[in-house]
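Notes to accompany the following structure.
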Ligand code: PMP
């Protein structure tokens with residue numbers, strides 16, 4: 001297949017990868033370096049893979065300015081496994097954990113914590129259909145930790161800044177980690193499945209303050225303890241070799257493009273262009289509250305009576321024009337364009353041109 005036959009994938013994840021990264025993968029599938037074999041075949045305890053892990057961790061530390069107070073580990077089980085690992089490791093015996101509900105995913109995180117111990121809801125936008133971020137919170141200062149979701153993939157909202165709580169901040173950043181710079185010192189734990197901004201499914205990147213790890217009872221199953229990953233450098237058992245390799249290529253690509261400040265500038269520009277179009281459109285309207293619009297997942301719908309039919313036609317015609325993944329999540333409906341790191345400004349411009357053309361035809 002030639003590059004010209006590729007579609008633009010605006011899906012929420014697994015997401016589009018940069019062509020440079022795909023080209024490197026294509027080469028490495030049969031011949032990885034001087035190993036004489038392909039990347040799928042190398043041993044997880046080989047010097048080649050040790051070099052990949054080392055480089056990957058060093059790049060992540062450098063890009064995100066992570067100090068030695070934090071461990072950088074690679075887990076499996078996606079972000080969903082972190083919904084369980086966080087309370088199992090961090091929820092103290094007679095303690096309680098705060099959760100901020102802003103989406104289906106934070107509800108899922110809370111549900112797992114409820115299986116482990118006492119929880120509180122410190123803020124929720126459920127009554128607003130999750131189209132906004134709560135305006136106020138009631139934090140438990142003594143909480144073992146406070147969990148929030150920095151970017152809400154389904155409803156298309158984001159926290160413009162971290163919630164101001166005293167407890168250790170735990171963040172599900174699955175859909176916006178490394179899309180912009182953050183001050184890591186504000187966090188106790190931050191985690192993200194790689195398949196949106198950081199590569200392919202199979203690995204979850206977890207950054208955790210080392211002192212928090214010691215809370216975990218030794219009785220936890222070995223792969224559910226953060227300690228296991230830290231002490232073994234994420235090599236207690238066979239890790240997802242290919243996904244870590246792809247993560248390494250992705251962070252290298254982000255660094256080569258200018259790092260997280262450059263990623264943020266590009267992501268702002270892309271989202272702004274699409275929101276500007278939506279705000280003047282007579283056919284489409286954005287769903288999320290203006291002040292907390294996500295830069296990663298732009299949710300919108302047709303605002304006319306025949307919305308459903310028109311949205312269906314929109315998806316069909318967009319696919320014919322080479323743009324896919326624009327269907328909204330089943331919990332919200334409507335349409336969604338995910339603008340992760342590997343989506344270019346040109347990709348967004350092409351979508352907007354198509355939307356404008358569709359709008360003219362629909363309203364004619
Ligand atoms: N949290 C958020 C914010 C997500 O967007 C997703 C997946 N789309 C998840 C958690 C679940 O991630 P995983 O499938 O990697 O377990």
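Each value in this text was obtained by applying a stated rule to the coordinates, not by laboratory testing. All values derive from a computational prediction rather than experimental measurement. Please note: Cβ atoms are built from the backbone with ideal geometry, for glycine as well, and neighbour counts cover all protein chains shown.
Annotations
- For the options 124, 219, 138, a Gaussian network treatment of the chain with springs between C-alpha atoms closer than 10 Å singles out 219 as fluctuating the most.
- Peptides ranked, highest mean first, by Cβ atoms within 10 Å: ranges 290-303, 316-329: 290-303, 316-329
- FRET efficiency for the pair residue 166 and residue 364, taken as 1/(1 + (r/R0)^6) with r the Cβ-Cβ distance and R0 = 56 Å, rounds to 0.45.
- Unit Cα scatterers, Debye sum, the chain: log10 I(q)/I(0) for q = 0.07, 0.11 Å⁻¹: -0.32, -0.77
- Contact order, relative form, for the chain: 22 percent (alpha carbon pairs under 8 Å, 6 or more residues apart, mean separation divided by residue count).
- Most fluctuating residue given options 129, 188, 202, as computed from a GNM of the chain linking Cα atoms under 10 Å: 129
- Peptide ranges 231-243, 35-47 listed from the most packed, as the mean C-beta count within 10 angstrom indicates: 231-243, 35-47
- Global geometry of segment 188-228, whether rounded, prolate or oblate, following the gyration tensor of its Cα atoms and the 1.5 cut on a/c: oblate
- Label zone (residue 290, point 7 Å along Cα-to-C-beta; backbone nitrogen cut-off 14 Å) within segment 145-161: none.
- When peptides 89-101, 158-170 are ranked by their average number of other Cβ atoms within 10 Å per residue, the highest-first order is 89-101, 158-170.
- Computed P(r) (all Cα pairs; segment 158-277; 5 Å bins; percent): 2, 9, 16, 19, 20, 16, 10, 4, 2, 1, 0
- Dividing the summed helix terms, -39500 (n - 2.57) for each DSSP H run of n ≥ 4, by the number of residues in the chain produces a 222 nm estimate of -12000 deg cm²/dmol to the nearest 500.
- Average 1/r across all pairs of distinct alpha carbons in segment 22-151, invert it, and you get the Kirkwood radius: 17.9 Å.
- Inter-part distance, segment 141-219 to segment 309-364, computed on C-alpha centroids, equals 30 Å.
- Prolate/oblate/rounded call for segment 273-364, Cα gyration tensor, a/c under 1.5 rounded: rounded
- Candidates 223, 247, 260: whichever shows maximal mean-square fluctuation once the chain is modelled as a Gaussian network with Cα springs under 10 Å: 223
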